[in-house]
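Remarks on the structure that follows.
The values are calculated or read from the model by the stated rules, or taken from the named source; none is laboratory data. The model shown is predicted, which means the values in this text are computed figures rather than measured ones. Glycine also receives a Cβ, built like all others from the backbone with ideal geometry; neighbour counts cover every protein chain displayed.
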Amino acid sequence: MFFSIMSGGSMHSGLVGLVCMAIASAICCSSVGSSSNIMCLESERHALLQFKQGFVDESNALASWKSEKDCCKWRGIACNNQTGHVTRLDFSFRYFNYTEVPLRGEISPSLLELQYLNYLDLSYNDFRGMIIPKFIGSLSQLKELRLGEANFSGPVPPQLGNLSNLHTLDLYGNEVVSFENLEWLSHLSSLRYLNMSYLDLSKVMNWPLSLSKLTLLTELQLSQCNLPNINLRSLSFINSSTSLQILHLSVNSLNSSIFYWIANVSSNFIHIDLSSNNLKGPIPDVFTSMLSLVTLDLSENQLEGGIPKGFQNLCSLESLTLWSNQLSENIEDSVKTLSCAENTLETLDLGANWFWGSWPDLKHFSKLRELYLDSNQVNGSLRESVGQLSSLETLILDGNSVSGVITEAHFLNLSRLQYLSLSGNRFSINLSSDWNPPFQLTTLYMSSCKVGPTFLKWILTQTNLTALYLSNAGLSGSLPNKFWDLFSRLSDLDLSMNQIHGKLPNLSSTSLSYVNLSSNLFYGALPSFSPMLQNLYLSNNRFSGPLSSFCATQAPNLEYLDISKNLLSGELPNCWMQFQELQVLNLGKNKLSGKIPSSLGNLQGIQVLRLHDNNFSGELPSLENCTRLLMVDLGNNNLSGKIPTWIGQSLPNLWTLRLRSNEFNGIIPFSLCSLAAIHVLDLSHNSISGGLPHCFNNITALADDSGVYSIIYGGIVELVWKGKEIEYGENLDRMRSIDISSNYLIGEIPPSIASMTELISLNLSRNKLTGKLPEDFGNMKMLESLDLSRNRMSGKIPRSFASLNFLSVLDLSRNNLSGRIPLGTQLQGFNASQYMGNLGLCGPPLTQSCPGDGTVQDDGIARGTEIDNKEQVSDGLNLGFFISAVLGFVIGFWMVCGSLLLKTSRRNAYFRFLDNANDWIYVKTKAKVRRTLQR
């Protein structure tokens with residue numbers, strides 16, 4: 001064949017030359033490799049040592065650079081076997097060994113001495129925000145440049161565009177690297193792989209145009225780049241690259257026009273990821289011609305409709321992820337659309353959508369490994385044919401309305417099943433006690449399924465379990481004796497909301513990091529737990545005794561601890577220093593006593609502290625260092641002393657402060673007005689005296705709604721709302737309440753209270769407040785509950801009260817208020833008892849009439865209404881009104897009195913009329929008095 005090519009003439013001469021060179025090179029390589037051992041060149045060795053001097057190597061990762069003379073044997077270095085030139089420099093070894101501290105320092109220009117360097121990888125090191133050196137653009141032989149996650153910053157030097165031989169460029173993860181444009185990219189004509197994920201491209205409006213010139217590009221990764229959301233429908237690669245196969249544009253703000261841009265780019269796609277964008281509307285039928293498509297991820301968008309019919313052509317599809325959209329279609333129709341991929345589809349994720357209909361028949365999808373249909377509206381019963389999916393490893397069905405009985409037939413051939421989630425459906429688990437499953441699960445979710453009453457023995461065969469969730473599963477009785485011994489790998493355990501009883505053994509030797517046994521019947525002393533513990537929920541059980549045994553738990557990563565609603569007693573141990581990562585501590589509703597230990601003040605990361613409903617006494621220890629606190633709930637104890645001023649000075653993020661039903665005294669510190677984020681302030685049922693602070697307008701969270709954000713409270717909070725104690729959970733962030741009732745407050749209600757326009761509930765009852773109600777009270781238009789009863793306030797109810805349209809609870813009783821109750825839809829709708837005890841109040845809904853009520857004028861309007869109207873009009877009197885009144889009086893006087901003075905006959909008639917009228921009134925009055933006496 002070789003000779004036939006040579007005889008082919010000049011048109012084959014170039015090919016002949018290449019073949020000869022390849023053969024000669026192979027012979028040469030074989031000869032040199034077998035006869036000699038080429039060492040690196042001294043000049044390049046010296047350049048590498050200069051390069052190393054710029055680094056700080058805390059892990060001694062480059063130890064071989066000292067002990068070995070031949071630089072070709074140094075860690076991270078590779079040389080050409082024939083010439084000895086350094087061709088490869090790879091410092092990314094920390095990616096494979098996270099125990100090593102990343103190299104840091106500067107990149108020396110001595111790299112330019114390595115003229116034959118074709119591979120440079122400095123990824124996963126720490127260059128402390130330095131700019132990518134311009135001289136890298138002079139390494140003309142480079143084919144691969146990898147600088148991912150190396151903490152570079154600043155603009156990318158356009159000199160990188162000089163690397164004409166470059167086929168791989170990876171700048172991934174340098175989040176503060178910036179770009180003015182990508183014009184330099186267009187010069188990298190050999191580029192095949194480009195990864196700039198996690199870089200900020202928000203200012204690069206021409207990114208599609210710059211990329212269009214990379215006609216050899218096969219893989220493009222631009223995830224989370226904040227790409228400008230321009231109209232891409234009319235754009236395409238200039239030369240319509242047919243080489244692009246892998247495209248990752250996830251976590252941007254791209255609109256649906258990206259679909260049409262992709263369709264114009266290439267029809268040879270294998271992988272497409274458009275997840276977490278702003279894609280809306282139905283999925284367009286642009287994938288019909290992408291016959292090689294293997295992976296498609298459109299999750300976390302706002303797509304609607306169903307799966308396009310064009311998906312019938314995707315016969316190579318292995319993974320389809322449509323999780324978390326708004327897709328709505330009969331699930332059986334969706335499965336039929338994917339029928340061409342029956343022999344290839346391995347992952348089908350339709351979770352968190354609105355798919356509906358009966359459970360589909362999937363028995364023909366023989367290679368299906370992962371099936372996610374969670375959080376949809378699928379109903380009917382689970383087909384037994386699911387047990388024929390022999391390749392199935394993950395089955396996620398939670399959060400639907402699927403019902404029926406689960407039997408052994410559903411798992412018949414599922415020997416590879418590892419992850420099973422059936423929670424939140426209507427399943428009844430009917431598996432025989434001696435059933436031996438064909439699988440070994442790592443994760444089992446059956447919460448809210450009918451599993452009990454006895455614990456399933458087959459679960460004891462699953463010795464590979466790392467997560468077991470059987471919350472609200474109807475379990476009762478005690479756990480099997482071998483339960484804690486079998487699951488040595490178990491990290492997550494949730495048996496909450498059952499009727500399981502028994503004592504807990506010592507769990508310090510387990511691997512448990514998440515434990516939820518709340519709302520059961522466990523009793524006895526608390527054991528010590530695993531050192532890997534992060535979350536522990538034991539609330540609403542019958543645990544008793546002191547907490548000292550829990551102090552044996554050496555869990556430095558513990559974040560959430562809830563042992564509320566138990567029978568714990570004794571003093572709180574002083575061992576909290578060992579739980580420095582603690583964020584939520586809830587020990588409420590126990591029988592704990594003594595002083596609150598000072599070591600709680602060392603938990604600098606704590607956000608929620610709940611010690612309510614115990615018997616703690618003494619003064620509150622300093623929590624000044626706990627600056628991240630969002631909630632402090634110490635209600636219903638016996639704490640005393642003054643409310644500390646540091647609460648307002650050192651806890652700027654405090655959202656809820658609940659100190660009700662204690663023995664705090666002294667005045668309300670003005671520093672509480674610095675709690676700009678406070679939503680719930682409850683100081684009721686204490687012995688607080690003095691006046692209300694005049695600085696309520698500083699609490700911005702109560703003055704506007706701009707500071708609303710969600711936080712984790714770690715449980716339920718009890719608040720007195722509309723006269724009743726109500727439990728608040730996730731909706732607590734919407735509550736805005738102040739309760740300082742049942743104290744000894746004096747003085748007037750400050751006018752600044754009216755600035756809290758977002759306040760929903762205000763309770764100042766059972767104090768000794770005096771003075772008038774602020775005129776601008778009606779500015780608090782969001783008020784739903786207002787209790788000012790049992791004080792000594794006087795004066796009228798301001799007319800602005802009529803503007804409180806959301807008011808559903810009002811109590812102004814037992815004060816010294818007077819005057820007419822303002823007319824308003826809300827105020828007249830309350831029971832009269834809410835106004836009782838104010839002897840001067842009158843008008844509806846009270847039966848006591850106001851002065852002048854009931855006298856009807858000629859125009860048919862009651863005098864009481866006339867008086868009220870006059871009062872309302874009086875505020876609008878002006879100079880013009882007085883001038884008109886004076887002129888009217890003068891004219892009227894001279895029209896009547898003038899005629900009497902000028903004409904005698906009229907004057908005599910007038911006085912006769914007055915005498916007769918006087919006699920008539922006298923006679924009528926005497927007669928009425930006599931009739932009254934006779935009765």
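Some points to look at:
- Just one residue in the set S800, S813 is in contact (Cβ under 8 Å) with a residue 12 or more places away in the chain and either part of a loop (DSSP other than H, G, I, E, B) or touching a strand residue (DSSP E or B) at 6+ places or on another chain (Cβ under 9 Å) (or both); that residue is S813.
- Positions within segment 531-555 being free of Cβ contacts under 8 Å to residues at least 40 places away in the same chain, small (G, A, S) and crowded, with 21+ Cβ neighbours inside 10 Å, in sequence order: A555
- Yes/no for L654 being surrounded by 22 or more Cβ atoms within 10 Å (Cβ to Cβ), in a loop (DSSP other than H, G, I, E, B) and among the hydrophobic types (A, V, I, L, M, F, W, C): yes
- Filter pass, L558 being touching a helix residue (DSSP H, G or I) at 6+ places or on another chain (Cβ under 6 Å), assigned to a loop (DSSP other than H, G, I, E, B), of a type in the set (A, V, I, L, M) and touching a residue at least 12 places away in the same chain (Cβ under 8 Å): no
- S808 within 30 Å of H679 (Cα to Cα), in contact (Cβ under 8 Å) with a residue 60 or more places away in the chain and surrounded by 15 or more Cβ atoms within 10 Å (Cβ to Cβ): no
- None of L587, L603, L620 is aliphatic (A, V, I, L, M) and closer than 26 Å to Y523 by Cβ except L587.
- Of all residues in segment 571-582, those that are in a loop (DSSP other than H, G, I, E, B) and surrounded by fewer than 19 Cβ atoms within 10 Å (Cβ to Cβ) total 5.
- Scanning segment 815-841 for residues that are of a type in the set (S, T, Y) and either touching a helix residue (DSSP H, G or I) at 6+ places or on another chain (Cβ under 7 Å) or closer than 19 Å to S800 by Cα (or both) turns up S818, T825, Y835.
- Top-ranked residue in segment 169-221 [being hydrophobic (A, V, I, L, M, F, W, C) and in a strand (DSSP E or B); ranked as nearest to the chain's Cα centre (by Cα)]: V176
- Selection within segment 157-168 - surrounded by fewer than 21 Cβ atoms within 10 Å (Cβ to Cβ) and in a loop (DSSP other than H, G, I, E, B): P157, S164, N165, H167
- Hey, L568 surrounded by 16 or more Cβ atoms within 10 Å (Cβ to Cβ), part of a strand (DSSP E or B), in contact with a Pro (Cβ under 8 Å, 6 or more places away or on another chain) and touching a residue at least 12 places away in the same chain (Cβ under 8 Å) or not: yes
- Among the candidates L412, L417, residue that is buried (at least 22 other Cβ atoms within 10 Å of the Cβ) and of a type outside the set (S, T, N, Q): L417
- Selection status of L600, modelled with pLDDT under 95, surrounded by 15 or more Cβ atoms within 10 Å (Cβ to Cβ) and either out of contact with any Gly (no Cβ under 7 Å at 6 or more places or on another chain) or in a strand (DSSP E or B) (or both): yes
- Residue within segment 542-560 that is under 22 Å from P453 (Cβ atoms) and of a type in the set (S, T, N, Q) present: no
- Segment 808-842 - residue that is hydrophobic (A, V, I, L, M, F, W, C), under 15 Å from L764 (Cβ atoms) and within 43 Å of the chain's Cα centre (by Cα) and, of those, modelled with the highest pLDDT: L812
- Residue in segment 760-768 that is buried (at least 17 other Cβ atoms within 10 Å of the Cβ), touching a Lys or Arg at 6+ places or on another chain (Cβ under 6 Å) and over 20 Å from L817 (Cβ atoms) present: yes
- Some residue of segment 733-749 being without any contact (Cβ under 8 Å) to a residue 60 or more places away in the chain, farther than 24 Å from R660 by Cα and of a type in the set (A, V, I, L, M): no
- Screening segment 767-793 for residues that are of a type in the set (K, R) and closer than 20 Å to F830 by Cα and picking the one that is modelled with the lowest pLDDT gives K781.
- Qualifying positions in segment 579-594 - in contact with a Leu (Cβ under 8 Å, 6 or more places away or on another chain) and of a type outside the set (S, T, N, Q): F579, E581, L582, V584, L585, L587, G588, K591, L592, G594
- Looking across segment 816-845, the residues that are assigned to a strand (DSSP E or B) and not small (G, A, S) come down to N816, L817, R820, L841, C842.
- Which numbered condition L812 misses (of (1) more than 27 Å from G635 (Cα to Cα); (2) touching a Phe, Trp or Tyr at 6+ places or on another chain (Cβ under 8 Å)): (1)
- Restricting segment 850-863 to residues that are part of a loop (DSSP other than H, G, I, E, B) and either on the phi > 0 side of the Ramachandran plot or surrounded by 14 or more Cβ atoms within 10 Å (Cβ to Cβ) (or both), the residue that is modelled with the lowest pLDDT is G860.
- Residues of segment 759-784 classified as touching a Phe, Trp or Tyr at 6+ places or on another chain (Cβ under 7 Å) and in contact (Cβ under 8 Å) with a residue 60 or more places away in the chain, total: 1
- S178 passes every criterion in (1) modelled with pLDDT under 95; (2) within 23 Å of Q50 (Cα to Cα) apart from (2).
- The set of residues in segment 121-156 that are surrounded by 21 or more Cβ atoms within 10 Å (Cβ to Cβ), among the hydrophobic types (A, V, I, L, M, F, W, C) and not in a loop (DSSP other than H, G, I, E, B) comprises I136, L145.
- Residues that are assigned to a strand (DSSP E or B) and touching a helix residue (DSSP H, G or I) at 6+ places or on another chain (Cβ under 9 Å) within segment 361-375 comprise just one, L371.
Matching residues to (1) outside any strand (DSSP E or B); (2) basic (K, R); (3) buried (at least 22 other Cβ atoms within 10 Å of the Cβ):
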position: N268; (1), (2), (3): yes, no, no
position: S276; (1), (2), (3): yes, no, no
position: G281; (1), (2), (3): no, no, no
position: D285; (1), (2), (3): yes, no, no
position: M290; (1), (2), (3): yes, no, yes
position: L293; (1), (2), (3): yes, no, yes
position: L317; (1), (2), (3): yes, no, yes
position: S324; (1), (2), (3): yes, no, no
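- Checked against the criterion of being surrounded by fewer than 22 Cβ atoms within 10 Å (Cβ to Cβ), modelled with pLDDT of 90 or more and closer than 26 Å to S403 by Cα, the candidates S476, S496 yield just one match: S476.
- Residues that are closer than 21 Å to F439 by Cβ and of a type in the set (D, E), drawn from segment 350-402: E370, D374, E384, E393, D398
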